[in-house]
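Below is one structure, written out as structure tokens; the observations come after it.
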Amino acid sequence: MCRLLQKLNLPRKKKTLRSSQGTSERVQLLRAEYWTQVTGIALKDLMFLDEMGVLLGLMRTHARAAPGDRAYDFKPFYRGAKVSVLGRLQSQRCWL
């Protein structure tokens with residue numbers, strides 16, 4: 001079966017999962033209501049925030065070595081800091 005799918009150019013891919021509730025009538029009504037409220041807002045009044053976390057103590061899992069040689073390294077005990085980063089995008093310059 002796997003070879004047949006490969007010949008048909010249908011490779012395995014990671015699934016993109018979505019909520020099964022997104023197609024319900026209640027959620028569709030809430031989305032329509034949201035868009036009627038948001039449509040009237042000017043672009044200059046919008047601000048987009050994004051948050052992410054970074055682990056500073058991680059190390060690379062792969063390395064380079066000469067052909068036939070193995071790449072060796074020491075794995076330190078994890079003592080890195082965890083940092084939260086908050087970013088903001090806006091359509092014009094506006095300092096708070």
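The values are calculated or read from the model by the stated rules, or taken from the named source; none is laboratory data. Here the structure is a predicted model, which is why all the values come from computation and not from measurement. Here the Cβ is made from the backbone with ideal geometry for all residues, glycine too, and neighbour counts use every protein chain on show.
Some notes on this structure:
- Residue satisfying all of: in the stretch 31-87; under 30 Å from GLN21 (Cα atoms) and aromatic (Phe, Trp, Tyr); modelled with the lowest pLDDT among these: PHE48
- Residues located in the stretch 34-78, provided they are within 30 Å of ARG88 (Cα to Cα) and not hydrophobic (A, V, I, L, M, F, W, C): TYR34, THR36, GLN37, THR39, GLY40, LYS44, ASP45, ASP50, GLU51, GLY53, GLY57, ARG60
- Of all the residues in the stretch 10-61, those that are surrounded by 10 or more Cβ atoms within 10 Å (Cβ to Cβ), within 30 Å of LYS75 (Cα to Cα) and without any contact (Cβ under 8 Å) to a residue 24 or more places away in the chain number 1.
- All conditions in (1) assigned to a loop (DSSP other than H, G, I, E, B); (2) modelled with pLDDT of 75 or more hold for LEU96, with the sole exception of (2).
Conditions (1) of a type in the set (Gly, Ala, Ser); (2) more than 24 Å from the chain's Cα centre (by Cα), marked per residue:
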site	(1), (2)
MET1	no, yes
LYS7	no, yes
SER24	yes, yes
THR39	no, yes
ASP50	no, no
ALA63	yes, yes
ALA66	yes, yes
ARG79	no, yes
GLY87	yes, no
